[in-house]
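Peer 1: Structure incoming, see below.
The values are calculated or read from the model by the stated rules, or taken from the named source; none is laboratory data. Computed from a predicted structure; not experimentally measured. Cβ sites come from the backbone with ideal geometry, for glycine too, and all protein chains shown count toward neighbours. We work out accessible area using only protein heavy atoms, side chains counted, and drop any ligands, DNA or RNA first. Shrake-Rupley method; radii C 1.70, N 1.55, O 1.52, S 1.80 Å.
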Amino acid sequence: MGDSETSGARRVYSPDDDHHFPDEKLHEVLEYLDADEEIAAYLEAQNVNAVDRKGYNDHGPKHIEIVRNRALCLYDLLKAGNVDFNGARQQGLAEEDEAVIVALAAVLHDVGHVVHRDQHAYYSIPLAADILGRILPEFYDVADRVRVKGEVLHAILCHHTAETPLTTEAGVIRVADALDMERGRSRIPYEQGGRGINTLSSQAISRVSLHEGESRPVMVEIEMTNAAGVYQVDNLLKAKLKGSGLEDLIRIVAVNTNENRDQLVERIEL
């Protein structure tokens, strides 16, 4: 994994880097997804209800790109820490299928927004099932594609806090979704005049990086420019981490990097 700005930081998943898991099948699937016109159309369309009609943060192609990167970087760090991924394993699938499940769920988790923002995780299930029904035959036989589909849909369903992840793969998607909190996430509603707490707090987050941890396999470092960013960290990320199954595997550190301020918050840890 590489990051041009900070040594050791994981922000973008690169197929060219060395990974702690078998990655050949994942890269074949990613290439297929990136060339798929229907998926591209969904990623554009799912932003309409979220942003244009409801005024929420970006849930379109940029959000999906970030979540996919964070999910695969988080997965790789957990694999480096010898964390067990039970989703694929309990289905009798191969280790290489863990990353495929993570990637597919990351890409498709928000397609339900084309129906409605509210309860979108539930609407994502039938839509994603249709897409998976078309894609998975390219890579799996009948039995394995049923199992992979089930694991991907489980991870999609559990990316919101109403449902509890039963697999490590699903926990990764839930946490990765919350790790898209930098100010770029709010660029659309902010430019349109949105000033809700989600928008203002994400404007305060300048950078999110994943690192190899010391006491835990993963350390998430969050840099913020003012105390409004605490809302993103404490209310949103903390809620997603709780019940994810990854609580004891991830250390979260948020630091106020603004030097020209009266420090209401210097540093918090979860």
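Peer 1: Which of the residues that make up segment 86-117 are under 23 Å from GLU28 (Cβ atoms), of a type outside the set (A, V, I, L, M) and in a helix (DSSP H, G or I)?
Peer 2: Those that are under 23 Å from GLU28 (Cβ atoms), of a type outside the set (A, V, I, L, M) and in a helix (DSSP H, G or I): GLY87, ARG89, GLU96, ASP97, GLU98.
Peer 1: For segment 118-135, how many residues are closer than 17 Å to LEU43 by Cβ and not in a helix (DSSP H, G or I)?
Peer 2: Total satisfying the criteria: 0.
Peer 1: Next question, about the same structure. Out of all the residues in segment 117-147, which are within 15 Å of LEU157 (Cα to Cα) and in contact with a Lys or Arg (Cβ under 6 Å, 6 or more places away or on another chain)?
Peer 2: ARG117, LEU132
Peer 1: Kindly indicate whether any position in segment 9-19 is touching a strand residue (DSSP E or B) at 6+ places or on another chain (Cβ under 9 Å) and either among the hydrophobic types (A, V, I, L, M, F, W, C) or within 25 Å of ARG147 (Cβ to Cβ) (or both).
Peer 2: yes
Peer 1: Need a quick list: strands (runs of 3 or more DSSP E) entirely within segment 212-270 having at least 2 residues that are buried (at least 18 other Cβ atoms within 10 Å of the Cβ), on the phi < 0 side of the Ramachandran plot and modelled with pLDDT of 75 or more. Step through it out loud before you land on a result.
Peer 2: On the way: elements: 218-224, 250-256, 267-269.
Of the strands (runs of 3 or more DSSP E) lying wholly inside segment 212-270, those with at least 2 residues that are buried (at least 18 other Cβ atoms within 10 Å of the Cβ), on the phi < 0 side of the Ramachandran plot and modelled with pLDDT of 75 or more span 218-224, 250-256.
Peer 1: Could I ask something else about it? Is it the case that VAL83 is aliphatic (A, V, I, L, M) and in a helix (DSSP H, G or I)?
Peer 2: Spelling it out, it is not the case that VAL83 is aliphatic (A, V, I, L, M) and in a helix (DSSP H, G or I).
Peer 1: Just need a number here: residues in segment 1-46 that are touching a His at 6+ places or on another chain (Cβ under 7 Å) and either in a helix (DSSP H, G or I) or at pLDDT 95 or above (or both).
Peer 2: Going through segment 1-46 one residue at a time, the tally reaches 2.
Peer 1: So, of the residues in segment 136-151 that are of a type outside the set (A, V, I, L, M, F, W, C) and part of a helix (DSSP H, G or I), which turns out to be most open to solvent (accessible area, probe 1.4 Å)?
Peer 2: GLU138
Peer 1: Which numbered condition trips up ASN49, out of (1) open to solvent by less than 30 Å² (accessible area, probe 1.4 Å); (2) more than 26 Å from GLY171 (Cβ to Cβ); (3) at pLDDT 95 or above?
Peer 2: For ASN49, the failing item is (3).
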